[in-house]
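Worksheet: the structure to be examined is printed underneath.
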Amino acid sequence: MFSTSTASAQGLLDRFGAGIGNSDDGQSGTASIERRREVLASLPMQRLTADAQQRILSIANSPTIFRQLPTQAISCDRDLFLLIARNPEILVGMWDVMGVTQVTTKRIAPYQLDASDGSGTHCIVDLVYGDPNIHIYVADGSYDGKLVASPIKGRGVFVFRSSYATSANGQTTVTGTLDCFVQLDSLGADLIARTFSGFIGRSADSNFIETARFLSQISAAAQQNPHSMIDLAHRLPQVPRQTKQQFVEVVKNVNRRQLERQQELVQSSRPPRTAVAPLAEHR
């Protein structure tokens, strides 16, 4: 996930009149060995290519840092959630339009993204597996910012799990967890990362929480003000034309489902009609 800020989430709220969904802000991430083992044991390895398996295990078996970010439960349309999970450049494009990020992205293959944070970090992110309940990303990157004397190279595996629940009024709640395995090449960087792992983890937690909140806002805006969202979709920088069109279609469907739910609620709230006997015809 790329980081955002409360300001960006509030900006979308102010611009499109959307409400902020609930997220478990009080939770904090964990870094237990037991959790790490559980994640590895649950991966769908039999569905992955041999190359993907090797890349994942070479990182996840000996990470410099492992952390499970705080679980988030947000109100978000399922199709919209899946589209953005597989095309994070949509989020980056929105933050770019709103002027709250220096992140740049470029789609270089159907499941591969080239990304830079504008502060010295550059990475290639591969979506090596994805279904509605789990997405696995593998990243290769480097940092060459002012905080280090020489570039630091590293790799990461990010396991994103999601489940869905539908309430009585038809609204979908997406519950998501993100497990992060990060491996650094430099011994010095490894020691620094371990020393400051708590701070790094809290920063990642905060970014994940804010991104989840932002997703909820996007879904609410699609329900309430689809025309503005469609206009925004066409103006998104860093997003391929085909992905923009997919986003537009999803926004239309989100709004259509919302209107259908509202119509059903109106119909269910109407009192039942009482049968009236026909009046006798007067002659």
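The single condition among (1) crowded, with 17+ Cβ neighbours inside 10 Å; (2) modelled with pLDDT of 95 or more that residue 227 does not meet is (1). Only one entry of 56, 124, 90 meets the criterion of being modelled with pLDDT of 90 or more, under 23 Å from residue 248 (Cβ atoms) and in contact with a Leu (Cβ under 8 Å, 6 or more places away or on another chain), and that entry is 90. Just to be sure before I move on: is residue 248 modelled with pLDDT of 95 or more, more than 17 Å from residue 78 (Cβ to Cβ) and either open to solvent by 10 Å² or more (accessible area, probe 1.4 Å) or not in a helix (DSSP H, G or I) (or both) in the structure I sent? The answer is no for residue 248.
Of all the residues in the stretch 207-253, those that are within 18 Å of the chain's Cα centre (by Cα) and charged (D, E, K, R) number 3.
What about residue 70, is it modelled with pLDDT of 70 or more, within 23 Å of residue 132 (Cβ to Cβ), within 18 Å of the chain's Cα centre (by Cα) and open to solvent by less than 20 Å² (accessible area, probe 1.4 Å)? Reasoning before the result, please.
On the way: modelled with pLDDT of 70 or more: yes; within 23 Å of residue 132 (Cβ to Cβ): yes; within 18 Å of the chain's Cα centre (by Cα): yes; open to solvent by less than 20 Å² (accessible area, probe 1.4 Å): yes.
So residue 70 fits the description; yes.
Screening 136, 152 for residues that are free of Cβ contacts under 8 Å to residues at least 40 places away in the same chain, surrounded by 20 or more Cβ atoms within 10 Å (Cβ to Cβ) and either under 19 Å from residue 203 (Cα atoms) or of a type in the set (A, V, I, L, M, F, W, C) (or both) leaves exactly one candidate, 152.
You will find that of 145, 154, 130, the residue that is touching a Cys at 6+ places or on another chain (Cβ under 9 Å) and not aliphatic (A, V, I, L, M) is 154 and no other.
Where helices (runs of 4 or more DSSP H) fall entirely within the stretch 47-162, those with at least 2 residues that are among the acidic types (Asp, Glu) are at 89-98.
Taking the numbered list (1) open to solvent by 10 Å² or more (accessible area, probe 1.4 Å); (2) at pLDDT below 90 in turn, residue 38 passes all entries but (2). Every listed requirement among (1) under 26 Å from residue 174 (Cα atoms); (2) modelled with pLDDT of 95 or more; (3) open to solvent by less than 70 Å² (accessible area, probe 1.4 Å) is met by residue 111 save one, (3).
The values are calculated or read from the model by the stated rules, or taken from the named source; none is laboratory data. Quantities reported herein were computed from a predicted structural model and do not represent experimental measurements. Heads up, the Cβs are rebuilt from the backbone with ideal geometry, glycines too, and the neighbour counts pull from every protein chain shown. What goes into the accessible areas is simple: the full protein's heavy atoms, side chains included, and nothing from ligands, DNA or RNA. Shrake-Rupley method; radii C 1.70, N 1.55, O 1.52, S 1.80 Å.
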